[in-house]
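Accompanying notes for the structure given below.
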Amino acid sequence: GENVEQHPSTLSVQEGDSAVIKCTYSDSASNYFPWYKQELGKGPQLIIDIRSNVGEKKDQRIAVTLNKTAKHFSLHITETQPEDSAVYFCAPTGYSTLTFGKGTMLLVSP
Amino acid sequence: SAVISQKPSRDICQRGTSLTIQCQVDSQVTMMFWYRQQPGQSLTLIATANQGSEATYESGFVIDKFPISRPNLTFSTLTVSNMSPEDSSIYLCSVAASGNNEQFFGPGTRLTVL
């Protein structure tokens with residue numbers, strides 16, 4: 001099965017700074033790489049994803065980069081805002097089921 | 001993306017009892033899944049709910065403990081049977097379209113077992 005590691009487990013930044021979260025995976029068959037944001041008391045929200053034929057994808061302040069050779073992908077958030085504070089999960093997969101990382105708690109201080 | 005609702009949103013139950021959680025989607029979807037999220041932890045897949053046939057369970061989860069129904073393409077239920085305090089978790093349903101890995105999650109059901 002897929003082994004997923006996510007780093008760091010906690011990340012504290014000042015408002016306006018950038019944040020980067022990294023996810024490494026083990027299954028070379030993985031071809032879909034999503035990132036989810038979970039706010040307190042809510043279900044995970046899909047915020048950005050990338051497929052294996054693309055190296056980078058951007059959506060306003062967030063971006064995902066993929067290195068298939070090294071088997072890792074990263075979430076980049078620029079100009080962080082307090083409302084970005086949440087737990088972020090990666091969930092790489094090559095099949096229909098997702099394997100979630102342990103999560104990164106991002107704290108953005110005003 | 002689909003709008004997904006879950007009932008109840010939270011419940012407090014006594015050990016030994018059972019609770020059925022409902023998941024309703026506003027459009028027909030091919031795939032429906034049930035996850036468990038223990039306090040402060042990540043999400044673990046319990047099973048894939050198959051329309052018209054038995055659910056497909058992940059290692060460590062069994063039908064007797066977590067029976068699942070999926071009578072149509074917009075609705076599924078998960079029952080947590082003979083509950084113990086260790087079953088205290090958030091239970092989440094998710095949906096995906098056929099051939100598309102994108103999964104969208106419901107708001108979750110927060111279960112506390114005393």
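When only Cα pairs under 8 Å and 6 or more residues apart are kept, what is the percent relative contact order across chain A?
So the answer I get is 37 percent.
If I stretch the segment between residue A:83 and residue A:61 completely, what's the gain in nm (0.36 nm per residue apart, minus their alpha carbon distance), one decimal?
The residue A:83-residue A:61 span can extend by a further 6.7 nm.
I'd like the accessible area for residue B:86, computed on protein heavy atoms only with a 1.4 Å probe and all protein chains in place. Round to 10 Å², please.
The accessible area comes out at roughly 120 Å².
I'd like the mean, over residues of A:33-43, of how many other protein chain beta carbons sit within 10 Å of each residue's own Cβ.
Partner-chain Cβ atoms within 10 Å, mean over residues of A:33-43: 4.
Taking only the alpha carbons of chain B, what extent do you get along each of the three principal axes, in Å, biggest first?
39, 24, 22
What residues of the stretch A:2-32 lie in the reach of a label at residue A:71, counting those whose backbone N is under 18 Å from a point 7 Å from the Cα along Cα→Cβ?
A:2-7, A:22-32
When the accessible area of the protein assembly as shown is split by element with a 1.4 Å probe, what percent falls to carbon and sulfur?
47 percent
Taking the Cα centre of chain B as origin and charging only Cβ (+1 Lys, Arg; -1 Asp, Glu), how large is the dipole, in debye to the nearest 20?
Value, rounded to 20: 220 debye.
Using a simple charge model, +1 on the beta-carbon of Lys and Arg, -1 on the beta-carbon of Asp and Glu, nothing else, what dipole does chain A show about its Cα centre, in debye to the nearest 20?
The calculation lands at about 300 debye.
In the P(r) worked out for the protein assembly as shown, what percent of Cα pairs fall beyond 27 Å?
34 percent
Quick check for you: which residues of the stretch B:79-112 have the amide N under 12 Å from the point 7 Å beyond the Cα of residue B:9 toward its beta carbon?
The answer is B:107-110.
Any chance you could get the radius of gyration and Dmax over the Cα atoms of the stretch B:64-114, in Å?
According to the Cα coordinates of the stretch B:64-114, Rg and Dmax are 13.1, 41 Å.
Would you report the distance distribution of C-alpha pairs in the stretch A:1-47 as whole percents per 10 angstrom bin, up to the bin with the largest distance?
19, 45, 31, 6
Obtain the radius of gyration and the Kirkwood radius of chain A from its C-alpha atoms and give Rg over Rh.
Looking at chain A, the ratio lands at 0.95.
The values are calculated or read from the model by the stated rules, or taken from the named source; none is laboratory data. All values reported here derive from a predicted model rather than from experimental measurement. Cβ atoms come from the backbone with ideal geometry, glycine included; neighbour counts cover every protein chain shown. Calculation scope for accessible area: heavy atoms of the full protein, side chains included, ligands and nucleic acids excluded. Shrake-Rupley method; radii C 1.70, N 1.55, O 1.52, S 1.80 Å.
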